[in-house]
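Heads up, the thing below is written out as structure tokens.
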Amino acid sequence: MTPREANPNFMNGVPELLILQLLQREEMYGYAIVQALHDRTGAVIAVGEGVVYPVLHGLERDGALKSRRKIVNGRSRIYYSVTPAGSHRLTDLAETWNSLATAIKNILIEGQHAEAIS
Amino acid sequence: MQKPFHEVRERLLGAGIAPRHVRRYVAELTDHLADLTAEEQRAGHSQEDAKCAALLRLGKPNDLIRAMLEQRQFQAWCVRAPWAIFGLAPILLLSAAQFIAVRILLSGIPKFMRNSTATPFAHHEWFFVWFCIGLIIYFGAPVLIGWAIGLIAIRQRLKIIWPVIGLALVAFLAGTMGFRAEALGMSIVSPRVYGYVYGLLHAVVIFSLAALPYVYWRLQKVLSVD
């Protein structure tokens, strides 16, 4: 697990986390990944669709993903899938995010208690 | 009519992203645009409206460019280490080419000179051909290396300074340095520096030939902007 920074960027690693999680189940191409993100997050997370590709290329460069060109229904697209290194990275990112989410939740609960008392 | 991602491609290349990464990014954006356009058409829009909506959903050029620039590992080597690509590499390539050329020239003497028994081709025509090969490598290598420098600079949309440094370095070294083979022992080779005038003239000729593709491209760029 990577050491924590003093002032972490909270959205750092979120796109990677979501993409790795989606691709863990099945290989997908860029358009399908964006649609899945939109559908499975209830449109809470909706990004400019084209910006998914630098993230995918970065993950592939790091060895977390592999790609291949496939022809489906007469259309040639580049499909991505997770490598074993990508699975490790997903585990690390998920752990970090869960810790962060728990910490934030604790602070919010404390704040609500303080309001209730006052 | 410009292709949809022309601005994205040109700005990414100008910002130092390697051409192969830009090419792949643009190809995938084009595929994605086709999928989005098809989706919008299925929703009932005309082809023109569908394409506009698809382009909006894909993201503004600034956002697409910024996302790629954040991935610093995609920078080209000629941007990360221009001193290596335009300084060190040309010197090494030129040295290697001159070494090969000199070896060819020297090896021809025992092989093809009259009365040689090394090969059945001891005849002045074969000698001439063998030596021409060596001379072509010797005089052609600086020009070819210069063209390679120009091609790298064109592909990466580089500013003028580093390509000119590389071309000048190659022209200067190739133009002012030479080799003299002593007949004694047929294998003594010594480097020498030509006289100033001849050397500089030679360097200017090499520079002019080597810079041709790059100069042509820059002229085309200036004329198209005008």
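Accessible surface area normalised per residue over the stretch B:1-63 is 56 Å², counting heavy atoms of protein chains with a 1.4 Å rolling probe. Per the accessible-area calculation with a 1.4 Å probe, the total area buried between chain B and chain A rounds to 1900 Å². For the stretch B:1-76, taking the reciprocal of the average inverse distance between every pair of different Cα atoms yields a Kirkwood hydrodynamic radius of 13.0 Å.
For every other residue with a beta carbon closer than 13 angstrom to the beta carbon of B:R11, add +1 if it is Lys or Arg and -1 if Asp or Glu, then tell me the sum. So the surrounding residues net to +1.
By a straight-distance test (C-alpha under 19 Å), which aspartates and glutamates pair with B:K159 as possible cross-link partners, with residues fewer than eight away in the same chain excluded? Output for B:K159: B:E7, B:E10, B:D226. Within a straight-line Cα-Cα reach of under 16 Å, B:K3 can be paired with the following lysines, leaving aside sequence neighbours fewer than 8 residues apart in one chain: B:K51, B:K60. Amide hydrogen proximity for A:L65: with H placed 1.01 Å from N in the peptide plane, the residues at 5 or more positions away or on another chain lying under 5 Å are A:E60, A:T83. Across peptide A:50-62, the mean count of Cβ atoms from other chains lying within 10 Å of each residue's own Cβ comes to 6. According to the Kirkwood relation over distinct C-alpha pairs, the hydrodynamic radius of the stretch B:38-114 is 18.3 Å.
The values are calculated or read from the model by the stated rules, or taken from the named source; none is laboratory data. Note that this is a predicted model, so its numbers are computed, not measured. Don't worry about glycine lacking a Cβ; one is built from the backbone with ideal geometry, like all the others, and counts go over all protein chains shown. Remember, those area values only see protein heavy atoms, side chains included, never the ligands or the DNA or RNA. Shrake-Rupley method; radii C 1.70, N 1.55, O 1.52, S 1.80 Å.
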